[in-house]
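Okay, so here's the structure we're looking at.
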Amino acid sequence: MFGEGSGADALVRAIGGYDVAGEIGWSGMRPVTDEGLIAAQPELVLMMTDGLASAGGVDGLLERLPALAATPAGEHRRFVDMADAQILGYGPLTADVLNALAVAVYAPEAVS
């Protein structure tokens, strides 16, 4: 889980969202725990594409983390995945990455 100061929080804030890990007082990066997921109650989970794939996709992830399945994100299957380099790297494509993320979060029906 990425919290305040992780870089992911800046990405989320840039599109008008808020990082629930930061909201519950987590900073930096921490392993995902059932307690952390339950405390955070995320409405949407932003993940790296390779990480989601390694978990077996959304179904595999929810099976591996039943606590996540009990959150609003899990119940409504609100997951957004982005290529690792896009989430972690800032550079000349930052505007395009932010636009793609905003569309995926706020207008998922527009994603083809």
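What follows is calculated from the coordinates using simple rules that are stated; it is not laboratory data. The model shown is predicted, which means the values in this text are computed figures rather than measured ones. Cβ atoms come from the backbone with ideal geometry, glycine included; neighbour counts cover every protein chain shown.
Restricting to Cα pairs below 8 Å that are 6+ residues apart, what does the relative contact order work out to for the chain? Please round to a whole percent. Numbers along the way, then the final one.
Numbers: 131 pairs, mean separation 27.0, N = 112.
With pairs under 8 Å counted, the relative contact order is 24 percent.
Regarding the chain, what's the average projected area of the Cα-atom convex hull, expressed in nm²? All intermediate terms of the calculation are to be shown ahead of the outcome.
On the way: hull surface 26.5 nm².
Dividing the Cα hull surface by four gives the mean projection, 6.6 nm².
Can I get the semi-axes of region 11-55's equivalent ellipsoid? Compute them from the C-alpha gyration tensor as square roots of 5 times the eigenvalues, in angstrom, largest first. If you can, show how the numbers build up before the last one.
Details: eigenvalues 59, 48, 20 Å².
They are 17, 16, 10 Å, listed from largest to smallest.
At what distance in nm do the modelled label points of ALA107 and TYR18 sit from each other, each positioned 7 Å from its Cα along Cα→Cβ?
2.5
Treating only the Cβ of Lys, Arg, Asp and Glu as charged (+1, +1, -1, -1), what charge dipole size does the chain show about its Cα centre? Round to the nearest 20 debye. Could the numbers behind the result be given before it?
Numbers: 5 positive and 15 negative charges, 16 e Å.
Taking the Cα centre of the chain as origin, the dipole is about 80 debye.
Under a point-charge model restricted to the Cβ atoms of Lys and Arg (+1) and Asp and Glu (-1), what is the dipole moment magnitude of region 4-44 relative to its Cα centre, in debye to the nearest 20?
Working: 2 positive and 7 negative charges, 27 e Å.
Here the size comes out at about 120 debye.
Give me the extension gain from LEU98 to ILE38: residue separation times 0.36 nm, minus the current Cα-Cα distance, reported in nm with one decimal. Display every interim value, and only then the final one.
Details: separation 60, 0.36 × 60 = 21.60 nm, distance 2.76 nm.
Gain in length upon complete extension: 18.8 nm.
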